[in-house]
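For reference, the structure discussed in these notes is given below.
The values are calculated or read from the model by the stated rules, or taken from the named source; none is laboratory data. On a predicted model such as this, the values are computed, not experimentally measured, just so you know. Using ideal geometry, Cβ is built from the backbone for each residue, glycine included, and neighbour counts are taken over all protein chains shown.
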Amino acid sequence: MNRFLQPPALSRAAAIPYYPSSINDKKNGMLPLPAPPIAGLRTSLLIGLTLALVACKAEPPPPATRLDTASSPTAAGQVRRLSALPAGVELRGKLSAAYGWTDNAGENLLVLAEQQEARGADGTQNATLYAAQYVLGQDRPRRLWMLSDGVTRCEFDASAAFDLDAIGFPDLNRDGALETIVGYRSACASDVSPNDYKLILHVGKTKYGLRGLDRQGVRWLDPDSGHLTGLPLPDDCSPQGQRALQAKGWEKDFEPPYLPGCYTDENDFTAAPPVFARHMRQQWFALMRQQEESWLKQQHE
């Protein structure tokens, strides 16, 4: 708060009152502020008191720092959706999505593909996923990393699909090279039940992941009472958090660390910068919340 100094006493003569500037003001070249003449002394004092109150007000708080919860890139328009792949890029299955961007590492490409196979002679079925990041701009595309996952020899209904809402390109370590986040679900089931869900972060060639169950078929709307049944959406996937939620009697079909909507552990991030686990944790819960809302909306339709 700036100091407010009282004006000197006025004589009955027509002296001109003033507010002396501080030493810092003089150094900064600020001139004393003249006050009104004696005729307006009362008004002058009121104005002075008002200025003092204004000077004592706290400075407005700085804008809140934006959390790294968005999976969008740091520069708008940096990532673009592609409809075709450059020559030399391998595609295993049907193209699900492709993205291109340029950063400090060069020109990059992320390709996602899915493959659903017909049921074999033995009655089993396969569903596979393929993801890869390529670095372009050389003689031919160079694959930086590859991911292959899915369900094999499933005797029920095999499914595997990317969650395009989970795809992200943040720059968490602020080195100018975007990381990639890929989410996908898979299942071998004949009923409506939670899928295996994985949220994978690649920082260059290094992979980090959260792996658990999603919220498919967890909560149901009772048509008679209108109440929801089933395990509420967890907000803490630590072992203690999962056990505490189960202790309330919500879930009997699953055991920690496999409660629907939770990942099993954060072991991949033990030696990683804390921002990696923090961002992925936020993304996981945001995606589970979005899936829960979508699932409940389907029951209302």
Exercise. Return a yes/no flag: does segment 205-221 have any residue that is among the small types (Gly, Ala, Ser), under 20 Å from residue 267 (Cα atoms) and not assigned by TED's automatic domain parsing to the domain that holds residue 278.
Key: no
Quiz item: Looking at segment 234-247, is at least one residue basic (Lys, Arg) and either assigned to a loop (DSSP other than H, G, I, E, B) or surrounded by fewer than 16 Cβ atoms within 10 Å (Cβ to Cβ) (or both)?
Solution: yes
Quiz prompt | Positions within segment 101-138 being of a type in the set (Asp, Glu) and touching a Gly at 6+ places or on another chain (Cβ under 9 Å), in sequence order | solution = 103, 107, 114
Quiz item: Restricting to segment 73-107, what's the tally of residues that are in a strand (DSSP E or B), of a type in the set (S, T, N, Q) and within 22 Å of the chain's Cα centre (by Cα)?
Solution: 1
Quiz item: Within segment 270-280, is even one residue in a loop (DSSP other than H, G, I, E, B) and touching a residue at least 24 places away in the same chain (Cβ under 8 Å)?
Solution: yes
Quiz item: Among the residues of segment 239-273 satisfying the criterion of being over 22 Å from the mean Cα position of the chain (by Cα) and among the charged types (D, E, K, R), which is nearest to residue 296 (Cα to Cα)?
Solution: 251
Quiz item: Got a sec? Which of 293, 255 is loosely packed, with under 13 Cβ neighbours inside 10 Å, assigned by TED's automatic domain parsing to the domain that holds residue 218, modelled with pLDDT of 90 or more and not hydrophobic (A, V, I, L, M, F, W, C)?
Solution: 293
Exercise. Filter segment 221-238 down to residues that are within 29 Å of the chain's Cα centre (by Cα) and without any contact (Cβ under 8 Å) to a residue 24 or more places away in the chain and give me whichever is farthest from residue 293 (Cα to Cα).
Key: 238
Quiz item: Which residues, taken from segment 200-227, are closer than 17 Å to residue 246 by Cα, among the aliphatic types (A, V, I, L, M) and either in contact with a Lys or Arg (Cβ under 9 Å, 6 or more places away or on another chain) or modelled with pLDDT of 95 or more (or both)?
Solution: 213
